[in-house]
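Data block below; observations after.
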Amino acid sequence: MCFLSDFLNGYLGFSCLWQEEYRRKLEENLTLDSEGRPFRMLVFRGSPKSCRKSIRLIDEMRQDGVEEVRNSKQLRRLPKTEARVLDAPKLKDDFYLNLMDWGKNNILAVALGSELYLWNAENSDTQKLVRVDGEDNYPSSVAWSEDAKTVAVGHTCSKLQLWDAETSQLVRSLEGHQKRVGTLSWNGHLLTSGSHDKSIINHDVRAGNSLISCIRAHTQELCGLKWSSRGNLLASGGNDNVIHIWEASKMSSSRFLHQFNDHRAAVKALAWCPYQDDILASGGGTSDRCIKIWNLQTGKCINSLDTKGQARLTIFLPSIFVLLLLLPCEVNPTISSMYIYCLVWFGLSIIYYFLHVVLPTQVCGLEWNRHHKEILSGHGFSPSQHQNQLCLWRYPSMSKVGELRRHASRVLHLTQSPDGLTVVSAGADETLRFWEVFGPPQTDSGRMTDLDSLLSLKRSAIR
């Protein structure tokens, strides 16, 4: 009994000591902060020492997460439909022409048949600027001057005219070409024109004798011209599948700075990068279907993207459906009949693949996004209307952001608004479609209601 009594007393004493130590540790952690000052956790004015370390760790992780989100790519929301549609009757379905340009005065110039119209984006007013007589003569190119006071208009009869947009008066006519003038580009007071006669002509519109130089380097029709934003370089593309880069200081000769022969079809789409002066994007025609990015400092192609569709499992669905219809035709199919079924299935799959996926779509236009590192391309000339689309690509990875499919025929021209927020596409379906695709990503709070969306889709004629 004495042994048991001593054991119980010892156990109770040890228990009391343990409880006292536990109480001391508890008070230390609950009433002192990390620097030993009274913290008074029990009156809800702080955190225990051990918890504050965890909170600091969580704060650091949260800050890291914020930085990671800040540095990551934002979710890009593309418009599901166009903001406005304008009818464009008699728009010429010709890949080699350049019939639309959006001036800095927020007025869109577009050639429809034998007439040229000006559409004011601020008040939707329409003005007929040019009417050409003659069945075989019509505007084949249009370009606003940099001050948006003059519209240059090239014609199929080889004429090049300058029109005053405010007075609707013909300012002057420029001579030099022998065939249609299909492409134009301004550089200050310098107007550069490209023609079916394979020549590039530079005009100083201030001079009485405007012709400065005539360059013959392309072996076929010129269909693309674009001056860089600094005005020191000119890119020219032709039906000979060649791109030439010219220096402004050496335009009096036919000596080019670079010559690129990588495209396998006509090069109409040319666009200079707005945030890298020495970067040029180009797009090839039907047999090429590629978008290429060029570094003019090195003279090298730094990226090439084949814009053809990617094969998906759905391309085999029609042939699988036919196969399922054929199999029940025989109760006990033999090996030979199964072999025939497999050949039919394989053949239908190949045909469907080439009709809907592999057939090339020409690159008709390119526009850089000035607000995000992106580039928009316009496509067409495909047996499937789903290939008549606009595609948005990230730069420099050239990964696809999304597609805009509303045109029933190929996209012929692209141009963007002066603020760089809206792009208008002109299609062979005789429509102009306005896309609010280049602005900041739309937030949930800025999402349009169904009524606003419906009212925004106003469809009217441009004339």
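The values are calculated or read from the model by the stated rules, or taken from the named source; none is laboratory data. These numbers were taken from a predicted model, which means no experiment stands behind them. No Cβ is skipped: glycine too gets one built from the backbone with ideal geometry, and neighbour counts run over all protein chains shown.
On inspection, H379 passes the criterion of being at pLDDT 90 or above and within 27 Å of S228 (Cβ to Cβ).
Within region 260-277, the only residue that satisfies the criterion of being without any contact (Cβ under 8 Å) to a residue 24 or more places away in the chain and over 22 Å from the mean Cα position of the chain (by Cα) is N261.
Is it the case that some residue within region 106-123 is closer than 27 Å to N241 by Cα, in contact (Cβ under 8 Å) with a residue 40 or more places away in the chain, among the aliphatic types (A, V, I, L, M) and assigned by TED's automatic domain parsing to the domain that holds S417?
Yes, the conditions are met somewhere in region 106-123.
What are the residues in region 120-149 that are surrounded by fewer than 22 Cβ atoms within 10 Å (Cβ to Cβ) and assigned to a strand (DSSP E or B), if any? Of everything in region 120-149, those that are surrounded by fewer than 22 Cβ atoms within 10 Å (Cβ to Cβ) and assigned to a strand (DSSP E or B) turn out to be N120, T126, Q127, K128, L129, V130, R131.
In this structure, K226 qualifies as within 21 Å of W393 (Cβ to Cβ) and either in a loop (DSSP other than H, G, I, E, B) or not hydrophobic (A, V, I, L, M, F, W, C) (or both).
Counting the residues of region 194-216 that are touching a Gly at 6+ places or on another chain (Cβ under 9 Å) and assigned to a loop (DSSP other than H, G, I, E, B) gives 4.
Among the residues of this structure, D93 does not count as one that is farther than 26 Å from N187 by Cβ and free of Cβ contacts under 8 Å to residues at least 60 places away in the same chain. Determine whether V85 is modelled with pLDDT of 95 or more and either more than 30 Å from K159 (Cβ to Cβ) or not assigned by TED's automatic domain parsing to the domain that holds A148 (or both). Yes, satisfied. Hey, any hits in region 187-210 for a residue that's at pLDDT below 95, of a type outside the set (V, I, T), more than 22 Å from Q259 (Cβ to Cβ) and surrounded by 18 or more Cβ atoms within 10 Å (Cβ to Cβ)? Checked region 187-210: at least one residue is at pLDDT below 95, of a type outside the set (V, I, T), more than 22 Å from Q259 (Cβ to Cβ) and surrounded by 18 or more Cβ atoms within 10 Å (Cβ to Cβ). Here region 263-281 is the region considered, the condition is being in contact with an Asp or Glu (Cβ under 9 Å, 6 or more places away or on another chain) and over 17 Å from Q416 (Cα atoms), and the residue that is surrounded by the fewest Cβ atoms within 10 Å (Cβ to Cβ) is R264. Kindly indicate the residue of region 217-228 that is out of contact with any His (no Cβ under 8 Å at 6 or more places or on another chain) and either at pLDDT below 95 or crowded, with 19+ Cβ neighbours inside 10 Å (or both) and also nearest to P139 (Cα to Cα) among those meeting that condition. Across region 217-228, the extreme among qualifying residues is C223.
Return a yes/no flag: does region 204-225 have any residue that is in contact with a Leu (Cβ under 7 Å, 6 or more places away or on another chain), among the charged types (D, E, K, R) and within 28 Å of R264 (Cβ to Cβ). Scanning region 204-225 turns up no residue that is in contact with a Leu (Cβ under 7 Å, 6 or more places away or on another chain), among the charged types (D, E, K, R) and within 28 Å of R264 (Cβ to Cβ). Counting just the residues of region 418-429 that are out of contact with any Asp or Glu (no Cβ under 6 Å at 6 or more places or on another chain) and crowded, with 18+ Cβ neighbours inside 10 Å, which one comes out nearest to N106 (Cα to Cα)? Ranking the qualifying residues of region 418-429, first place goes to V424.
From the list L191, L184, L170, L234, the one residue that fits, being assigned to a strand (DSSP E or B) and touching a helix residue (DSSP H, G or I) at 6+ places or on another chain (Cβ under 9 Å), is L234. So which residues in region 405-448 are at pLDDT below 95 and not in a loop (DSSP other than H, G, I, E, B)? Correct list: D444, S445, G446.
Scanning region 237-271 for residues that are among the hydrophobic types (A, V, I, L, M, F, W, C) and in a helix (DSSP H, G or I) yields a single hit, A248. Here L184, L174 are screened, and the one residue that is among the hydrophobic types (A, V, I, L, M, F, W, C), surrounded by 18 or more Cβ atoms within 10 Å (Cβ to Cβ) and touching a residue at least 40 places away in the same chain (Cβ under 8 Å) is L184.
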